[in-house]
1. In what sequence do Phe12, Phe66 fall when counting other Cβ within 10 Å, fewest first?
2. Which order do peptides 264-273, 105-114 fall in by mean Cβ count within 10 Å, highest first?
3. Taking other Cβ within 10 Å of each residue's Cβ, how do Ile64, Ile254 sort, fewest first?
4. Roughly how many nanometres apart are two label points built 7 Å out from the Cα toward the Cβ at Lys193 and Arg45?
5. Roughly how far apart, in whole Å, are the Cα centres of segment 168-241 and segment 11-41?
6. Gain in length, Glu21 to His90, computed as 0.36 nm per residue apart minus the alpha-carbon separation, to one decimal in nm?
7. Shape verdict for segment 202-265, please, from the Cα gyration tensor: rounded (a/c under 1.5), prolate (a/b greater than b/c) or oblate.
8. Report the full-extension gain for the segment Asp54 to Ala101: residue separation times 0.36 nm, less the Cα-Cα distance, to one decimal in nm.
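Derivation of every value follows stated rules applied to the coordinates shown; laboratory data play no part. Keep in mind it's a predicted model, so treat the numbers as computed, not measured. Cβ atoms come from the backbone with ideal geometry, glycine included; neighbour counts cover every protein chain shown.
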Amino acid sequence: MLTRAGGKRVRFEGLLSAYLEELETQGASRALTERARLVLPRLFRHLRWQRVRDARSVRELHLIRFARYLSEAPSRHGPEGATLSLVTQHCYLQAVRGFFAWLVRSRVLLKNPAQELPEPRILRLPRRVLTEVEAHRLMNAPSGSSLLGRRDRALLEVLYGTGLRRGECLRLDVADVDLGEELLLVRNGKGKKDRMVPLTARAASTLDLYLREGRPELMNTPGEPALFLSNRGRRMSRSLLSVLLSNHARAAGIKGAVFPHALRHAYATHLLKGKASIRHVQELLGHKSLEATSVYTRVSVEDLREVLARCHPRERSTRKAVHFLRSR
């Protein structure tokens, strides 16, 4: 635990090293650690430009200026003249908030200047959501007769049948599965909260088969707790999951990239399309606010076109006239 340094200047570089070490000790994800390593030096340079060289001198206004700077900063990956996306800005500011929250916990600061720092709200669906037919084909893409196929089927059915985030799914242990009650215990979800999630019957049956005839063959370390194992018998990595999903989507004839979060989007969209209550979907997804879930109530253009064709009087009369002329 760090302590306040009295009258001495509290330099940013020393704090960054201690923070990164703390993240590693706490078992933070590689993505979170790398984001802190990338973003915080950028913040420190901007603070020096504002003539702030001591962590205890940082005020909310300084961080608001940094947020404004990010909103105008050029993107390295987009077309010429493009600025950082809202998603990137959101991730960067999350790293800033995490760092200053740690400074308060470590007693370097008495008050968190980033506590009320506004962030871009990212509430949008991907450009394309898997159809129910595509989701069905994707679930059937892995071979049910092979060792890895049984694992992959269980993995895909859990993702599509529970709406778990990628990290939540990969953190599952065998002890978190209750096949008798068809429930999963999701530990340390977003907001550091645990929740119980029901399994679909199909997800429960494929998990049961994997646990009996797949996982024992993959496991090579006694006592390994992870539910989903890699070919080497270790907890499956985020990159392996992405590769597997991409390969199975291609085998299922699904065009375009399919990422793990696409199954979460499909889960929520298909539930709402099936008349599920938005409040229930909120609980299933583990959303803190109803606002985050309400994005899934947006229907597709095809749905709107179907309603227009079926319900609008001008559309009905025109279609009847066209049908009459074509039948003559």
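1. Least to most surrounded, the residues fall as Phe12, Phe66.
2. Taking the mean over residues of other Cβ atoms within 10 Å, the ranking is 264-273, 105-114.
3. Ile64, Ile254
4. Computed distance between label sites Lys193 and Arg45 equals 3.8 nm.
5. When both Cα centres are located, 29 Å separates them.
6. 22.5 nm
7. prolate
8. That pair, Asp54 and Ala101, stretches by 15.3 nm at full extension.
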